[in-house]
Amino acid sequence: MRKFLRFLSAALVAGSLATACASVHPGDLLKDPSAEEWAELSKFASPLTRAEFEDRLKTIFDPTGGLAPFLKITDQSVEVFSTPKQEISIATIPFAATSQPDPPKSFAPQPSLLHLGTSPPLAGLKVAIDPADIGGAWGSMEDRSSYYSGYGRIQEGDLNLLVSILLAERLRKLGAEVFVTRDSSEPVSEASVSEVAKIVPAVLSERPYILAGTFRSRTRNIRKSSPIYERIVAEVLLTKNLEARARAEKIRHSMNPDLTIVLQFDASPTSSRRKLASINRNILFVEGAYTSRELGKDPRQRYRLLTKLLQNVTPTETRAAIAIAHRLSEATGFPPVGYGDSKTTRAIKGSPFVVARNLLLPREHAGPVVVTEPYFMNESVTLQRLLAGDFEGIQDVGGKQLISIYREYADAVANGLLDAYAPASPGHSEKP
């Protein structure tokens, strides 16, 4: 593990990434979308006809119909209301008269590359990379730090960060413009736990529904009257809610990406008990599958759903996710996690590896987002590969001759983006 940490530290120094101030404050978590933000939706010229809007809403974004009480749909437009009583209209968005073409699959070369004669295959593509979680000293706070007896400790935030460094390098060599949300195991948000603690009473009394699942797992055996309980709430609000907002804000101030990739690793359910898995799986997520409970309680989730739907993210997300899924399957040989249609997911046509799901971090990002979640971290060989750190060439890991898992992951994502975006050429097909 020390070898891994030394490599990570060296990589961070060598690969310093862009930074930007993330102007998000703890008090923002107590605010619903403003009248001005809702009014911004009215400025959208919807890329969808009424039929397309209703179909996309039903099949991808809102399969349980939780948003219906807040909408009034006519042939010409959709009107949005603040409550199910439909007393106060807060936005009206006109529908497209006819179907529009999907977003482009390729991009114009950057002017600085034209003199080369031939442009790199991803020239003109703008990609944001968000290595999920934080890692470092924050790993236990975000419930992403696990110790496996006989193996060692892994922290997902640190693993995601290393993959992001390698992926950014590969994409830049392919000509893409790349922005990465973080270059260290520190929060993007500049708030402290003590600052966030000031809003904890209000969150618990007025909007406990915003707390991530980590809150429930960490407070399961803690009395509500204990000061430890409120401390945990503050830590979860900082590492999950505030961090997601800060990263989305950072990207908005630095780049208008064509696609954002959120990098994660998966784990089997037994990981919560620090138990090893005997199998391995891959899964990727795109935006959708909001539940009635989420939409009924949280105005911000209604706002984000409509924003994503009106940004027409689905065609881009689907194309990129299916291409990356194919490359990850090719590289690992793992079958998909069998989500399909469930209470919280919706199957996406074209790949059993891709489902729509409403997740906090990608929901906050603007535009198309794909969440990659390959490998079960708690599978024996995978765990050994993760603890081995990054390396060149092939090494014996768990009795097998394998390349670095971090390079395998980064290469698969980069190759998937080539399949999704690069012009067709000999040896390279546009579709996986």
I need the full set of residues from the stretch 380-426 which are of a type outside the set (A, V, I, L, M), touching a Lys or Arg at 6+ places or on another chain (Cβ under 8 Å) and touching a residue at least 40 places away in the same chain (Cβ under 8 Å), in order please. Gly389, Asp390, Asp411, Asn415, Gly416, Asp419, Tyr421
If we keep only residues of the stretch 4-47 that are modelled with pLDDT of 50 or more and hydroxyl-bearing (Ser, Thr, Tyr), then the residue farthest from Ala91 (Cα to Cα) is Ser23
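Could you say which residue among Gln311, Gln301 is closer than 23 Å to Ser42 by Cβ, in contact (Cβ under 8 Å) with a residue 40 or more places away in the chain, surrounded by fewer than 18 Cβ atoms within 10 Å (Cβ to Cβ) and among the polar types (S, T, N, Q)?
Values: Gln301 fails: surrounded by fewer than 18 Cβ atoms within 10 Å (Cβ to Cβ).
Selected residue: Gln311, the only one of Gln311, Gln301 that is closer than 23 Å to Ser42 by Cβ, in contact (Cβ under 8 Å) with a residue 40 or more places away in the chain, surrounded by fewer than 18 Cβ atoms within 10 Å (Cβ to Cβ) and among the polar types (S, T, N, Q).
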Among what's in the stretch 174-197 and is outside any loop (DSSP other than H, G, I, E, B) and of a type in the set (Asp, Glu), pick the residue that is nearest to the chain's Cα centre (by Cα). Glu177
Residues satisfying the stated conditions in the stretch 107-154, i.e. within 19 Å of Ala168 (Cα to Cα), modelled with pLDDT under 80 and not in a helix (DSSP H, G or I): Phe107, Pro109, Gln110
Scanning the stretch 240-278 residue by residue, those surrounded by fewer than 23 Cβ atoms within 10 Å (Cβ to Cβ), of a type in the set (S, T, N, Q) and within 18 Å of the chain's Cα centre (by Cα) turn out to be Ser254, Asn256
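So is Leu174 more than 30 Å from Gln301 (Cα to Cα), buried (at least 16 other Cβ atoms within 10 Å of the Cβ) and either among the charged types (D, E, K, R) or out of contact with any Ser or Thr (no Cβ under 6 Å at 6 or more places or on another chain) (or both) or not? Lay out the reasoning, then the answer.
Details: more than 30 Å from Gln301 (Cα to Cα): yes; buried (at least 16 other Cβ atoms within 10 Å of the Cβ): yes; either among the charged types (D, E, K, R) or out of contact with any Ser or Thr (no Cβ under 6 Å at 6 or more places or on another chain) (or both): yes.
The answer is yes for Leu174.
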Does Arg281 satisfy the criteria of being surrounded by fewer than 22 Cβ atoms within 10 Å (Cβ to Cβ), of a type in the set (Lys, Arg), more than 17 Å from the chain's Cα centre (by Cα) and modelled with pLDDT under 95? no
Residues of the stretch 354-382 satisfying the condition of being more than 30 Å from Ile210 (Cα to Cα) and either touching a Leu at 6+ places or on another chain (Cβ under 7 Å) or among the acidic types (Asp, Glu) (or both): Glu379, Ser380
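Among residues belonging to the stretch 220-239 that are touching a Phe, Trp or Tyr at 6+ places or on another chain (Cβ under 8 Å) and surrounded by 10 or more Cβ atoms within 10 Å (Cβ to Cβ), point out the one that is nearest to Gly139 (Cα to Cα).
The first filter runs over the stretch 220-239 and keeps only residues touching a Phe, Trp or Tyr at 6+ places or on another chain (Cβ under 8 Å), leaving 222-223, 232-233, 236, 239.
If we keep only those that are surrounded by 10 or more Cβ atoms within 10 Å (Cβ to Cβ) as well, we get 222, 232-233, 236, 239.
Working: Ile222: 19, Ile232: 13, Val233: 15, Val236: 11, Thr239: 9 Å.
Here the answer is Thr239.
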Selected residue (criterion: farthest from Pro315 (Cα to Cα)) from residues of the stretch 35-90 that are in contact with a Ser or Thr (Cβ under 9 Å, 6 or more places away or on another chain), in contact (Cβ under 8 Å) with a residue 60 or more places away in the chain and aliphatic (A, V, I, L, M): Val80
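The values are calculated or read from the model by the stated rules, or taken from the named source; none is laboratory data. None of the values given here were measured: they were computed from a predicted structure. Heads up, the Cβs are rebuilt from the backbone with ideal geometry, glycines too, and the neighbour counts pull from every protein chain shown.
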